[in-house]
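First comes the structure, then the notes that go with it.
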Amino acid sequence: MKKIELYSTPTCGFCHAAKRLFGDIGICYFEIDISSDPKLRSDMIRKANGIRTVPQIFVNNEHLGGFSELYAMQQSGILEKLLKD
C-alpha cells in the first residue's frame, strides 16, 4: 500500500476537500496538522520545494501537489493508477 501524507490545517477548505475526495474513493492517508507546529510547517515547505500553502500531498514521499493537482489527477484517472502501482 502506498504511503499518503496530507499536510493540512483545520481551517483550510481545500484541505477538507482533499480529505473528502480521499474518503469518497476509499483511500487511507496520514494527516499532518501544521497549524501549531512550526517544525512540521518547515518540513512541509522543504519537502514541497518552497510551497507554503496547504494542503500539500505526498505519495511515498513524492510530492503530488495541492488540491487542484489531486482533483485533476482524480478526474483524469491518473490518481487511481498512481495509487494502485
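Would you check which residues across the range 1-26 are modelled with pLDDT under 95 and among the β-branched types (Val, Ile, Thr) and list them?
Matches in the range 1-26: ILE25 only.
Kindly establish whether MET44 is touching a Phe, Trp or Tyr at 6+ places or on another chain (Cβ under 6 Å) and not acidic (Asp, Glu).
In short, yes.
Which residues, counting only those in the range 53-79, are of a type in the set (A, V, I, L, M) and surrounded by 15 or more Cβ atoms within 10 Å (Cβ to Cβ)?
VAL54, ILE57, VAL59, LEU64, LEU70, MET73, LEU79
Output the number of the condition that ILE45 fails; it satisfies all remaining conditions of (1) in contact with a strand residue (DSSP E or B) (Cβ under 8 Å, 6 or more places away or on another chain); (2) crowded, with 16+ Cβ neighbours inside 10 Å.
Against the list (1) in contact with a strand residue (DSSP E or B) (Cβ under 8 Å, 6 or more places away or on another chain); (2) crowded, with 16+ Cβ neighbours inside 10 Å, ILE45 comes up short only on (1).
Kindly list, by first and then second residue, each pair from a residue in the range 70-85 that is under 16 Å from ALA18 (Cβ atoms) to a residue that is of a type in the set (Val, Ile, Thr) and not in a helix (DSSP H, G or I), limited to pairs with Cβ atoms under 8 Å and residues at least 6 apart or on different chains.
Note: pairs meeting the criteria are LEU70/ILE57; GLN74/ILE25; LEU79/ILE25; GLU80/ILE25; LEU82/VAL59; LEU83/ILE4; LEU83/ILE27; LEU83/VAL59.
I want to confirm something. Restricting to the range 6-45 and keeping residues that are of a type in the set (Gly, Ala, Ser) and without any contact (Cβ under 8 Å) to a residue 24 or more places away in the chain, which single residue is farthest from ALA72 (Cα to Cα)?
SER36
The values are calculated or read from the model by the stated rules, or taken from the named source; none is laboratory data. Everything numeric in this text was worked out from a predicted model, so none of it was measured. Cβ atoms come from the backbone with ideal geometry, glycine included; neighbour counts cover every protein chain shown.
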